[in-house]
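Comments concern the structure below.
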Amino acid sequence: MTAQTENKSISRRYAHACFSLAREASQIEPLAADLRSLQAMLKESADLQKFLNNPTLRRADQEKALSAIADKAKFSPLTKKFLGTLAQKRRLPMLEGIIEALLAEIARSKGEMTAEVTAAHKLTDKQLENLAAALKKVCGQTVAIELKTDASIMGGLIVRIGSKLIDNSVRAKLERLHRALKNTGSSPDKNTKREVA
């Protein structure tokens with residue numbers, strides 16, 4: 001088992017344990033809202049990521065700091081307790097993976113599918129709404145979107161739903177064009193030039 005596979009397995013175990021507690025306490029919606037807020041914090045703060053991944057910090061210090069963050073963000077007691085458990089168990093470096101696994105499990109419990117969407121820049125609420133509607137038509141059920149940004153794709157979207165991957169990024173289109181040109185061993189003809197323009 002590779003380290004990545006093992007990490008995913010551990011993340012799913014913690015996610016399932018937290019989901020079970022939230023379901024028993026009827027706290028699934030507050031938990032989901034907290035997780036999305038925390039996910040946004042992690043994306044926006046490199047310092048927070050460094051803090052979570054710092055093995056030299058004492059567990060008690062990490063737990064105390066996360067408790068303060070949870071209080072400021074008005075997270076539910078369940079979320080706060082779960083973050084404390086992750087700090088005590090030295091699982092904070094896996095927090096992003098655990099959040100993703102938890103949100104996926106919450107989505108499944110609501111009859112939703114989860115789509116991992118990568119865009120070159122942040123999408124507006126309207127764009128996300130339109131994308132969710134389009135994916136619902138394709139999949140036949142509600143789709144929860146987990147948005148990631150990656151400027152290197154230059155434009156377009158990369159959508160992953162389960163094992164299916166749709167790469168409609170500008171980067172992928174350029175790579176396909178490059179391979180096609182390389183295989184023909186010639187420069188692009190007038191038609192290809194027109195299409196690219």
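Scanning the range 111-137 for residues that are part of a loop (DSSP other than H, G, I, E, B) and in contact (Cβ under 8 Å) with a residue 40 or more places away in the chain yields a count of 1.
Condition check ((1) loosely packed, with under 13 Cβ neighbours inside 10 Å; (2) not hydroxyl-bearing (Ser, Thr, Tyr)) across all residues:
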residue	(1), (2)
SER11	no, no
LEU21	no, yes
GLU24	yes, yes
ASP34	no, yes
GLU96	no, yes
ALA107	no, yes
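Say we look at the range 149-172 and pick out the residues that are among the β-branched types (Val, Ile, Thr) and under 12 Å from ALA120 (Cα atoms); which of these is farthest from the chain's Cα centre (by Cα)? Step by step, filter the range 149-172, then rank; the result is VAL170. The criterion of being assigned by TED's automatic domain parsing to the domain that holds LEU35 and not basic (Lys, Arg) holds for GLN88. Counting only helices (runs of 4 or more DSSP H) that sit wholly inside the range 30-102, those with at least 2 residues that are among the β-branched types (Val, Ile, Thr) are 77-88.
The values are calculated or read from the model by the stated rules, or taken from the named source; none is laboratory data. Not measured: the values here are computed from a predicted model. When we count neighbours, we look across all protein chains shown, and the Cβ atoms used for this are built from the backbone with ideal geometry, even at glycine.
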